Amino acid sequence: MKNAHLKLLDELSLYLKNIPGIGEKNASKYAFWLAEHKDKANSISKLLKEISEKVKSCRLCYNLTANENGICDICSDKSRDHETVCVVETIENLLEIETANVYNGLYFILGGVISPIYGIDSIIKRIDYLVSRILKEQKKELILVISPTTEGELTMQYIKEKLKPSNIKITKVAIGVPAGADINYINKKTLIEAFKMRTVA
Ligand SMILES: [Zn+2]
């Protein structure tokens, strides 16, 4: 029979392995490291508890927020252009665009693209929510910043189809890299250029 401590560490490894970028070997390494460094493990555990209690998805755009009203700092910022919405795949994409300082509108985070990996239902649900808001509110432009992969193109097509009843202008950021490249690997300068050169989708 396996020792009790090994069983616990195995269980922790299994959870760690779910984090993107952590393989089986590292998961086990981290689990042992945490077991050996109790102070750090306790601090992490406290922080995780606080994060899970306080940090949630913005109820308008799915960015993260710890604001009590559930609306993130970007959506709450009156100085931003509330008539333009930029659709991105991930919160990391939002941060990249914010860092590039090239855009001052609102965002909407899809959480991926329509593909078997991300799960089709959750993305469709978010798109439906985005569409319902655009049909209700006065929005001028929707900017799609989505990887030009087959699945990304499919996602953009789906959004465009759904928004046919509205007269919102839909543009897409002309990412200056070969088709199939991932938005996550585009550098800041390219992103700024791509934003300026965006075309009607
Ligand atoms: Zn928000």
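The values are calculated or read from the model by the stated rules, or taken from the named source; none is laboratory data. Note that the coordinates shown come from a computational prediction; the quantities given were computed from them, not determined experimentally. Glycine also receives a Cβ, built like all others from the backbone with ideal geometry; neighbour counts cover every protein chain displayed.
Residues that are farther than 11 Å from Val113 by Cα and either among the acidic types (Asp, Glu) or part of a loop (DSSP other than H, G, I, E, B) (or both): does segment 147-161 have at least one? Yes, there is a match, as at least one residue in segment 147-161 is farther than 11 Å from Val113 by Cα and either among the acidic types (Asp, Glu) or part of a loop (DSSP other than H, G, I, E, B) (or both).
Which of the residues that make up segment 103-120 are buried (at least 16 other Cβ atoms within 10 Å of the Cβ) and more than 16 Å from the ligand (Cβ to nearest atom)?
Applying the first criterion (buried (at least 16 other Cβ atoms within 10 Å of the Cβ)) to segment 103-120 yields 103, 105-114, 118.
Those that are buried (at least 16 other Cβ atoms within 10 Å of the Cβ) and more than 16 Å from the ligand (Cβ to nearest atom): Gly112, Val113, Ile114, Tyr118.
Quick grid of which residues meet (1) outside the structural domain of Ile127 (by TED's automatic domain parsing); (2) outside any helix (DSSP H, G or I); (3) among the hydrophobic types (A, V, I, L, M, F, W, C); (4) touching a Pro at 6+ places or on another chain (Cβ under 8 Å):
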{"site": "Leu12", "(1), (2), (3), (4)": "yes, no, yes, no"}
{"site": "Leu16", "(1), (2), (3), (4)": "yes, no, yes, no"}
{"site": "Leu34", "(1), (2), (3), (4)": "yes, no, yes, no"}
{"site": "Leu47", "(1), (2), (3), (4)": "yes, no, yes, no"}
{"site": "Ser79", "(1), (2), (3), (4)": "no, yes, no, no"}
{"site": "Thr84", "(1), (2), (3), (4)": "no, yes, no, no"}
{"site": "Ile97", "(1), (2), (3), (4)": "no, no, yes, no"}
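Screening Asn18, Asn69, Asn63 for residues that are among the polar types (S, T, N, Q) and surrounded by 13 or more Cβ atoms within 10 Å (Cβ to Cβ) leaves exactly one candidate, Asn63. For Leu6, all conditions in the list (1) out of contact with any strand residue (DSSP E or B) (no Cβ under 6 Å at 6 or more places or on another chain); (2) within 16 Å of the ligand (Cβ to nearest atom) hold save one; what is the number of the exception? With (1) out of contact with any strand residue (DSSP E or B) (no Cβ under 6 Å at 6 or more places or on another chain); (2) within 16 Å of the ligand (Cβ to nearest atom) applied to Leu6, the lone miss is (2). Restricting attention to segment 102-118, the residues being part of a loop (DSSP other than H, G, I, E, B) and touching a residue at least 12 places away in the same chain (Cβ under 8 Å) number 9.
Ser45 - would you say it is polar (S, T, N, Q) and more than 25 Å from Lys169 (Cα to Cα)?
Details: polar (S, T, N, Q): yes; more than 25 Å from Lys169 (Cα to Cα): yes.
Answer is yes for this residue.
Would you mind stating whether Gly70 is within 11 Å of the chain's Cα centre (by Cα) and either in a loop (DSSP other than H, G, I, E, B) or hydrophobic (A, V, I, L, M, F, W, C) (or both)? Judged against the criteria, Gly70 is not a match. Among the residues making up segment 60-92, a single one is more than 11 Å from the ligand (Cβ to nearest atom), touching a strand residue (DSSP E or B) at 6+ places or on another chain (Cβ under 9 Å) and without any contact (Cβ under 8 Å) to a residue 24 or more places away in the chain: Ala66.
Scan segment 39-59 and tell me whether some residue there is within 13 Å of the ligand (Cβ to nearest atom) and touching a residue at least 60 places away in the same chain (Cβ under 8 Å). No, segment 39-59 has no match at all. If I filter segment 123-137 for residues that are of a type outside the set (A, V, I, L, M), touching a residue at least 12 places away in the same chain (Cβ under 8 Å) and not in a helix (DSSP H, G or I), do I get at least one hit? Taking every residue of segment 123-137 in turn, none turns out to be of a type outside the set (A, V, I, L, M), touching a residue at least 12 places away in the same chain (Cβ under 8 Å) and not in a helix (DSSP H, G or I).
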